[in-house]
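To start, the structure under review is shown below, and the notes come after it.
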Amino acid sequence: MDNTSDKYAMHKKMLAGEPYLGMDPYLSQLRKEAQERVAALGKVRHEPEQYVKAIQELLGSVGDDKAIIESPTFFDYGINTHVGKRFYMNGMCVILDCARVDIGDDVMFGPSVQIYTAEHPTDPAERLTGYESARPIKIGNNVWVGGGAIIMGGVTIGNGVTIGAGSVVTKDIPDNVVVVGNPARIVKHV
């Protein structure tokens, strides 16, 4: 079967890290469904049993029933995000999970943290084609991501890391460090 007749072709390309059309009808439907799950999550925040179920339906996998996702929040797909045990995400966070996002145990996000797996061409003519790509993000265990921090696609963050508020993470971060700035740089080993 060629890709032109495969309804899932762009979804497969997106998950494989290949260029894909972001406005593909099937991908658009998946994003719409994610927004419906996010809205449902916000409605049951203070109803524990329904809240746990809503988080499990939103995300690809959840490590336990202790995850907290404050509203408002935004996910492109939700199902491409996998969180470990005791995950906490403050309000106003954005996860563009066009590629897989793996988040370890005991990870906390301050408000307005942004996770961007999506990438767009820098060449203006190429950008007009509508094609984009995505690279996965991996965040280790016991990580604190300060408010307003941005984590770019293709990045791996080690265990025991603190990312200062407003930092922009564009490169891998080793275990047990504090990083701050734009671009984020190591200021302390812990």
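The values are calculated or read from the model by the stated rules, or taken from the named source; none is laboratory data. Because the structure is predicted, anything quoted here is derived from the model rather than measured. Here the Cβ positions follow ideal geometry from the backbone for every residue, glycine too, while neighbour counts run over all protein chains shown. Just the protein is used for accessible areas: all its heavy atoms, side chains included, with ligands, DNA and RNA removed. Shrake-Rupley method; radii C 1.70, N 1.55, O 1.52, S 1.80 Å.
Of all the criteria given as (1) of a type in the set (Lys, Arg); (2) free of Cβ contacts under 8 Å to residues at least 24 places away in the same chain; (3) out of contact with any strand residue (DSSP E or B) (no Cβ under 7 Å at 6 or more places or on another chain), the one not satisfied by Lys13 is (3).
Restricted to segment 38-59, and to residues that are within 22 Å of Leu27 (Cβ to Cβ) and touching a residue at least 24 places away in the same chain (Cβ under 8 Å), which residue is surrounded by the most Cβ atoms within 10 Å (Cβ to Cβ)?
Just the residues of segment 38-59 that are within 22 Å of Leu27 (Cβ to Cβ), to begin with: 38-41, 57-59.
After this cut, where a residue has to be touching a residue at least 24 places away in the same chain (Cβ under 8 Å) as well, the list is 38, 41, 58-59.
Values: Val38: 18, Leu41: 23, Leu58: 23, Leu59: 25.
Filtering segment 38-59 for residues that are within 22 Å of Leu27 (Cβ to Cβ) and touching a residue at least 24 places away in the same chain (Cβ under 8 Å), the one surrounded by the most Cβ atoms within 10 Å (Cβ to Cβ) comes out as Leu59.
Filtered by the rule that a residue be surrounded by fewer than 20 Cβ atoms within 10 Å (Cβ to Cβ), under 27 Å from Met23 (Cα atoms) and among the polar types (S, T, N, Q), segment 74-121 gives Ser112, Gln114. In segment 23-36 there is at least one residue that is touching a residue at least 60 places away in the same chain (Cβ under 8 Å) and of a type outside the set (Phe, Trp, Tyr).
State the number of residues belonging to segment 141-190 that are more than 17 Å from the chain's Cα centre (by Cα) and among the basic types (Lys, Arg). Number satisfying all stated conditions: 2.
Among the residues of segment 139-164, which ones are among the aliphatic types (A, V, I, L, M), open to solvent by less than 10 Å² (accessible area, probe 1.4 Å) and either over 14 Å from Ile103 (Cβ atoms) or assigned to a loop (DSSP other than H, G, I, E, B) (or both)?
Narrowing segment 139-164 to residues among the aliphatic types (A, V, I, L, M): 139, 143, 145, 149-152, 155, 157, 161, 163.
From what is left, the residues that are open to solvent by less than 10 Å² (accessible area, probe 1.4 Å) are 139, 143, 145, 149, 151, 155, 157, 161, 163.
Passing the criteria: Val143, Ala149, Val155, Val161.
When you look at Met152, is it hydrophobic (A, V, I, L, M, F, W, C) and under 20 Å from Ile68 (Cα atoms), yes or no? Spelling it out, it is not the case that Met152 is hydrophobic (A, V, I, L, M, F, W, C) and under 20 Å from Ile68 (Cα atoms).
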